[in-house]
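The values are calculated or read from the model by the stated rules, or taken from the named source; none is laboratory data. From a predicted model like this one, the values you see are computed outputs, not experimental measurements. Using ideal geometry, Cβ is built from the backbone for each residue, glycine included, and neighbour counts are taken over all protein chains shown. Please note that ligands, DNA and RNA were not included when accessible areas were found on the heavy atoms of the full protein model with its side chains. Shrake-Rupley method; radii C 1.70, N 1.55, O 1.52, S 1.80 Å.
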Amino acid sequence: MATLTFWGAAGTVTGSKYLIEIHQNRVLVDCGLFQGPRELRERNWAEAPFPAASVDAVLLTHAHIDHTGYLPRFVNQGFRGPVYCSRGTAELLRILLPDSARLQEEEADYRNRHNITRHDPALPLYTEEDAIAALGLLQVVPNDGQLIKIIKGISAEFRIAGHILGSSQVLAHIEADHQRVLFSGDLGKYDQPIIRDPVAPPACDYLVVESTYGDRIHDPEGPKVALERIIKNAALHDSEILIPAFAVGRAQEVLYLIRELEDEKRVPILPVILDSPMASAATRVYANRREEHDEQYVTASAGNANPMHTHSMIASTTREDSKRLNKERGARVIISASGMMTGGRVLHHALRVLPDENATIVFVGYQAAGTLGRRVADGEREVKVLGQWVPVRCNTERIGGFSAHADWQEVIRWLQELPAPPRRVFVTHGEVGSATAMAQHIRERFDWPVEVPEHGQQFELS
Ligand SMILES: [Zn+2]
């Protein structure tokens, strides 16, 4: 009899790992890193509850590190099987996994230099070499519902999930038992720019659905209107805008909306500088994966225009270019990573922008507790940036309408399209409160049997 065990993203939003076992065969759906509080991060270091070498294959729903960032560690621990994912996911992983490894190595190095380690010497969770070995296992599959043979007795189908480029809903077929298990992965918002909406879910016996926003409904004021107001204001006062943005997904959406506003003549054309090599690389991947683009994107790209290029845009790549920006003045928009101001080039811009009472810093993504982004967004009057105390005198704006996740009403909308009721639903990938709320919404709307699994909980698929 087949079983499904939740080894991550149960009662939390990171560390996604769902293990399907039948006879001696094991397939892992997602191989995510735990992020956030220390007690979660320590799970990355604990011995895996199943030997890496005993897993036959991995299926990935999308490239985000909380779904893929454990893969280099898994390879380092002996996993050698194929890793199936869409082309978009594979291309983004070539940017994200080596970067994740460099961060692990830098952190270990920092701990050793500052003697803040309980282990002597502090080691990285994995190295760039491990990340490259993991990339070598990727097997690209179509994201259009074709049936793919995974291992003896298990096949799978991948379909667009509309969350980030390449994101997939994954339907696993356990052939001997005639069971189909659908994993929603992270589910996108409907009408998100650039990429297509989530496609309708295929029929399944069991369903694992995410619940990041299981207790929330998105701000009805679109982010485009907010960007319009902020850009007009900057042009009027000849002042600078700094947008810390995640390099994959958010940076591309911001560029796309600014370009639309310019096309519609709703804002004056200001210089827009994308100062993040990772965001520039991700933007190229987004532009190249035509099969994932939505209709508006296709229309906007007619005649070879790039819908993610504003009319006066510079994609800065060298450190020297980035430093030169520091000396220039006047109305302009700088988009830079990291999105929560925890590192990267955005910090050099922050040194200049934060004390400038004419400038505006715009938060377009979630700011986790304890990050510099959160401190500034919360209105602290003085913050430490790259070791210096800096007064915060600039204007701050938060645009809430950007999100790569469906809210609970959109998850219900997606579930409504299921051809038949599943036998059981498992709600994952949400803090306990959101997961419980999502489960309740599903019971109220459909009256299906719903579980909110705990970490390590196993279910029989009979
Ligand atoms: Zn995600």
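Consider region 167-197. How many of its residues are more than 13 Å from the ligand (Cβ to nearest atom), among the charged types (D, E, K, R) and under 20 Å from the mean Cα position of the chain (by Cα)? Of the residues in that region, 3 qualify.
The set of residues from region 378-437 being assigned to a helix (DSSP H, G or I), over 30 Å from Ile194 (Cβ atoms) and not aliphatic (A, V, I, L, M) comprises Gly433, Thr436.
Within region 143-166, take every residue that is of a type outside the set (Ser, Thr, Tyr) and touching a Lys or Arg at 6+ places or on another chain (Cβ under 8 Å) and give me the one that is surrounded by the most Cβ atoms within 10 Å (Cβ to Cβ). Filtering region 143-166 for residues that are of a type outside the set (Ser, Thr, Tyr) and touching a Lys or Arg at 6+ places or on another chain (Cβ under 8 Å), the one surrounded by the most Cβ atoms within 10 Å (Cβ to Cβ) comes out as Gly166. Restricting Val411, Val452, Val362 to residues that are within 16 Å of the ligand (Cβ to nearest atom) and modelled with pLDDT of 95 or more narrows the list to Val411. The criterion of being more than 16 Å from the ligand (Cβ to nearest atom), open to solvent by 10 Å² or more (accessible area, probe 1.4 Å) and among the hydrophobic types (A, V, I, L, M, F, W, C) holds for Leu103.
Pick from region 145-165 the residues that are in contact (Cβ under 8 Å) with a residue 60 or more places away in the chain and either closer than 13 Å to Leu59 by Cα or of a type in the set (Phe, Trp, Tyr) (or both): which of them is farthest from the ligand (Cβ to nearest atom)? Restricting to residues being in contact (Cβ under 8 Å) with a residue 60 or more places away in the chain and either closer than 13 Å to Leu59 by Cα or of a type in the set (Phe, Trp, Tyr) (or both), the top hit is Ile151. Residues of region 419-450 that are open to solvent by less than 50 Å² (accessible area, probe 1.4 Å) and more than 19 Å from Ala406 (Cβ to Cβ): Ala420 alone.
Filtering Gly370, Gly339 for residues that are in contact (Cβ under 8 Å) with a residue 40 or more places away in the chain, under 30 Å from Tyr213 (Cα atoms) and not polar (S, T, N, Q) leaves a single hit, Gly339. No other residue among Leu96, Leu59 is touching a residue at least 60 places away in the same chain (Cβ under 8 Å) and within 13 Å of the ligand (Cβ to nearest atom) apart from Leu96.
Checked against (1) closer than 20 Å to Arg289 by Cα; (2) part of a helix (DSSP H, G or I), Tyr84 meets all criteria but (2).
Every test in (1) assigned to a loop (DSSP other than H, G, I, E, B); (2) in contact with a Leu (Cβ under 8 Å, 6 or more places away or on another chain); (3) over 18 Å from Gly88 (Cβ atoms) is passed by Asp238 save one, and that test is (2).
Of the residues that sit in region 23-48 and are over 16 Å from Thr212 (Cα atoms) and in contact with a Ser or Thr (Cβ under 8 Å, 6 or more places away or on another chain), which one is most open to solvent (accessible area, probe 1.4 Å)? Quick ask: steps written out before the conclusion?
Initially, region 23-48 is screened for residues over 16 Å from Thr212 (Cα atoms), giving 23-31, 33, 37-48.
From what's left, in contact with a Ser or Thr (Cβ under 8 Å, 6 or more places away or on another chain): 26, 29-31, 33, 40.
Working: Arg26: 56, Val29: 1, Asp30: 1, Cys31: 0, Leu33: 11, Leu40: 26 Å².
Per the criteria, the residue is Arg26.
Scanning region 273-286 for residues that are small (Gly, Ala, Ser) and within 13 Å of Leu92 (Cβ to Cβ) yields Ala279, Ala281, Ala282.
Here Ser280 clears all of (1) crowded, with 17+ Cβ neighbours inside 10 Å; (2) closer than 27 Å to Leu372 by Cα except the condition numbered (1). From the list Val199, Val209, Val225, which one is surrounded by fewer than 24 Cβ atoms within 10 Å (Cβ to Cβ) and under 30 Å from Ala172 (Cα atoms)? The unique qualifying residue is Val199. Residues that are charged (D, E, K, R) and surrounded by 13 or more Cβ atoms within 10 Å (Cβ to Cβ) within region 451-461 comprise just one, Glu451.
Filtering region 110-126 for residues that are open to solvent by less than 40 Å² (accessible area, probe 1.4 Å), within 29 Å of Phe158 (Cβ to Cβ) and within 16 Å of the ligand (Cβ to nearest atom) leaves an empty set. Look at (1) of a type in the set (S, T, N, Q); (2) surrounded by fewer than 19 Cβ atoms within 10 Å (Cβ to Cβ); (3) outside any strand (DSSP E or B) and you find that Thr3 fails only one, number (3).
What do you reckon, is Ala101 under 19 Å from His64 (Cα atoms), more than 21 Å from the chain's Cα centre (by Cα), in contact (Cβ under 8 Å) with a residue 24 or more places away in the chain and not in a strand (DSSP E or B)? For Ala101, the condition - under 19 Å from His64 (Cα atoms), more than 21 Å from the chain's Cα centre (by Cα), in contact (Cβ under 8 Å) with a residue 24 or more places away in the chain and not in a strand (DSSP E or B) - is not met. A residue that is in a loop (DSSP other than H, G, I, E, B), closer than 30 Å to Pro201 by Cα, at pLDDT 95 or above and touching a strand residue (DSSP E or B) at 6+ places or on another chain (Cβ under 6 Å) cannot be found anywhere in region 146-155. Tallying residues that are outside any strand (DSSP E or B) and either surrounded by fewer than 22 Cβ atoms within 10 Å (Cβ to Cβ) or within 16 Å of the ligand (Cβ to nearest atom) (or both) within region 131-140 yields 5. The test for being assigned to a helix (DSSP H, G or I) and either on the phi > 0 side of the Ramachandran plot or buried (at least 23 other Cβ atoms within 10 Å of the Cβ) (or both) holds for Arg73.
Condition test on Ala305, is it in contact (Cβ under 8 Å) with a residue 24 or more places away in the chain and open to solvent by 20 Å² or more (accessible area, probe 1.4 Å)? Step through it out loud before you land on a result.
Values: in contact (Cβ under 8 Å) with a residue 24 or more places away in the chain: no; open to solvent by 20 Å² or more (accessible area, probe 1.4 Å): yes.
Answer is no for this residue.
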